[in-house]
Amino acid sequence: MDKISNERILLLHPAIRLEVQNAINHINKNILGKGVRMRITQGFRTFKEQDELFAQGRTKPGPKVSNAKGGQSLHNYGLAFDICLLYDDGSGLFKEVSWDMKRDGDGDGIADWLEITKYLTSIGFTNGFITNGKKWDFPHFQKDFGLTWQKCFEKYNRKDYISGTIYIKL
Ligand SMILES: [Zn+2]
């Protein structure tokens with residue numbers, strides 16, 4: 001797995017960390033063929049980082065990228081991650097970053113993005129095709145353990161954390 005994905009996985013909630021690590025290894029090794037890799041682009045986000053994303057396209061320049069303020073996204077509890085695809089041009093460096101949902105880089109007749117979505121949802125992750133305002137958030141996956149963001153927020157404020165961490169108890 002690439003270094004960036006690994007660093008992001010290590011900041012995810014302990015309840016999904018190993019599972020996501022295994023999932024990405026499985027996807028890269030057994031599901032995506034030669035020349036295609038999955039990367040984790042975002043994982044855990046602090047409330048401050050979330051507020052900054054929310055401000056983009058509102059009080060700060062740029063397109064709107066999120067409809068969630070600090071505490072309103074499962075990213076803020078380490079329970080969500082976003083993905084992209086990496087393609088190799090033959091150099092073995094996987095330098096091309098892509099969010100193309102139709103591309104079939106491994107040539108097996110199924111879009112790479114769909115293969116990933118199918119697998120991740122089969123092991124209990126929910127894809128962001130649940131509407132994110134006007135936009136569908138296809139790169140997003142989360143596992144909520146039956147908790148809404150409001151419930152997570154409440155636990156967070158109560159400091160109902162796993163001992164020695166800032167991850168909420170599930
Ligand atoms: Zn996301």
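The values are calculated or read from the model by the stated rules, or taken from the named source; none is laboratory data. Just so we're clear, the structure is a prediction, and the values are computed from it rather than from any experiment. Cβ coordinates were reconstructed from backbone atoms using ideal geometry, including for glycine residues, and neighbour counts include every protein chain displayed. These accessible areas exclude ligands, DNA and RNA; they are computed on the full protein's heavy atoms, side chains included. Shrake-Rupley method; radii C 1.70, N 1.55, O 1.52, S 1.80 Å.
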Legend entry - Meets criteria (in contact with a Leu (Cβ under 8 Å, 6 or more places away or on another chain), over 30 Å from TYR167 (Cβ atoms) and among the polar types (S, T, N, Q)) for SER98: yes
Inset, instruction - Test GLU115 against the criterion of being more than 16 Å from the ligand (Cβ to nearest atom), surrounded by 17 or more Cβ atoms within 10 Å (Cβ to Cβ) and not in a loop (DSSP other than H, G, I, E, B), and give yes or no. - result: yes
Legend entry - Whichever residue in region 82-95 is in contact with a Phe, Trp or Tyr (Cβ under 6 Å, 6 or more places away or on another chain) and open to solvent by less than 20 Å² (accessible area, probe 1.4 Å) and, among such residues, is farthest from the ligand (Cβ to nearest atom): LEU86
Inset, instruction - With the checklist (1) within 15 Å of the chain's Cα centre (by Cα); (2) more than 21 Å from LEU11 (Cα to Cα); (3) open to solvent by less than 50 Å² (accessible area, probe 1.4 Å); (4) free of Cβ contacts under 8 Å to residues at least 24 places away in the same chain in hand, flag the one item GLY57 doesn't pass. - result: (1)
Inset, instruction - Hey, could you check region 92-151 for residues that are among the aliphatic types (A, V, I, L, M) and under 24 Å from ILE4 (Cα atoms) and say which is farthest from the chain's Cα centre (by Cα)? - result: LEU93
